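The values are calculated or read from the model by the stated rules, or taken from the named source; none is laboratory data. Everything numeric here is computed off the predicted structure, so don't read it as measured data. Ideal geometry is used to build each Cβ from the backbone, glycine not excepted, and the neighbour counts take in all protein chains shown. When the accessible area is computed, the model is the full protein with side chains, heavy atoms only, and any ligands, DNA or RNA have been set aside. Shrake-Rupley method; radii C 1.70, N 1.55, O 1.52, S 1.80 Å.
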Amino acid sequence: MTTTHPTAPSAYRITPRRVLHAEWHKLRSLRSSWITVISAVVMVLGVGLIMGATYTSGGGDSDVDTVVLSLYGSVLAQIFLVVLGILMTAGEYTTGMIRSSLTAVPARLPVLWAKAAVFTGTVFSVMLVTAVVAFAAAQAFLQDTDQAASFTDPGVLRALSLWTGTTLAAAALTLKRRDV
């Protein structure tokens, strides 16, 4: 006769929080992720500063919205954000690390949702801060022109957050189109 002993519950259960933490750790620990995010930030800030510094009131740009003028670099930053998304998803397949990820978390959906959540949270928060800084930096040059604006002007903060959301959505849709 065999006796069965109750086994203690495992301290290492698969939870969404742990899968999310693992994906966040993978993103933080790769040098290429940092380089890609910093490149996107530099694009937004650099182009925003150039647009602010070279703007003249008598030129043909007076009909352009102030927020759009400050954030032209977001269009170029989307390229880097798509690269970041590709690095997050396809990078594991290149190195073979996906075997370890799927061994630890046998179901694919929690890994996919964790990657999407980490990508979305990282890109949205970094790009929102970058958009606010780029707008403020461009306004340092635009304060004596017809494009002068402040954060308290109606619609500026909403436009900054919507622009950030649009940048994120465009990068995610481009990444989805490229997904096999």
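Computed from the C-beta positions of LEU102 and TRP34, the FRET efficiency with R₀ = 25 Å rounds to 0.50. Overall shape of region 110-180 was characterised from the C-alpha gyration tensor. The equivalent ellipsoid obtained from it has semi-axes of 31, 12, 10 Å, in decreasing order.
Across region 20-64, the fraction of Cα-Cα pairs farther apart than 11 Å, rounded to a whole number, is 73%. Taken about its Cα centre, region 30-180 carries a charge dipole of roughly 980 debye when the Cβ of each Lys and Arg holds +1 and the Cβ of each Asp and Glu holds -1. Relative to the 2.2 N^0.38 Å rule of thumb, region 63-133 has a C-alpha radius of gyration ratio of 1.47. The slack between ALA90 and VAL129, meaning 0.36 nm per residue of separation minus the straight C-alpha distance, is 11.3 nm. Using a 1.4 Å probe on the protein heavy atoms, what percent of the accessible area of the chain belongs to carbon and sulfur? Within the chain, the accessible surface is 67 percent carbon and sulfur. What 222 nm value per residue comes from the helices of the chain, counting each DSSP H run with n ≥ 4 as -39,500 (n - 2.57) and dividing by all residues, nearest 500 deg cm²/dmol? Calculated at 222 nm, the ellipticity per residue is -25000 deg cm²/dmol. Each of ARG158 and VAL75 was given a label point 7 Å from its Cα along the Cα-to-Cβ line. The distance between the two points is 2.5 nm.
Each residue of region 119-130 is assigned a 3J(HN,Hα), and the resulting list reads 4, 5, x, 5, 5, 5, 5, 5, 6, 5, 5, 5 Hz, derived from the Karplus form 6.51 cos²θ - 1.76 cosθ + 1.60 (θ = phi - 60°), x at Gly and Pro.
Over every Cα atom in the chain, the radius of gyration and the widest Cα-Cα span, Dmax, amount to 21.8, 96 Å. Ranking of ASP153, ASP63 by solvent-accessible surface, largest first: ASP63, ASP153 (1.4 Å probe, protein heavy atoms only, all chains present). Annotation for region 8-49 versus region 111-135: alpha-carbon center distance of 10 Å.
With contacts taken as Cα pairs under 8 Å and at least 6 residues apart, the chain reaches a relative contact order of 32 percent.
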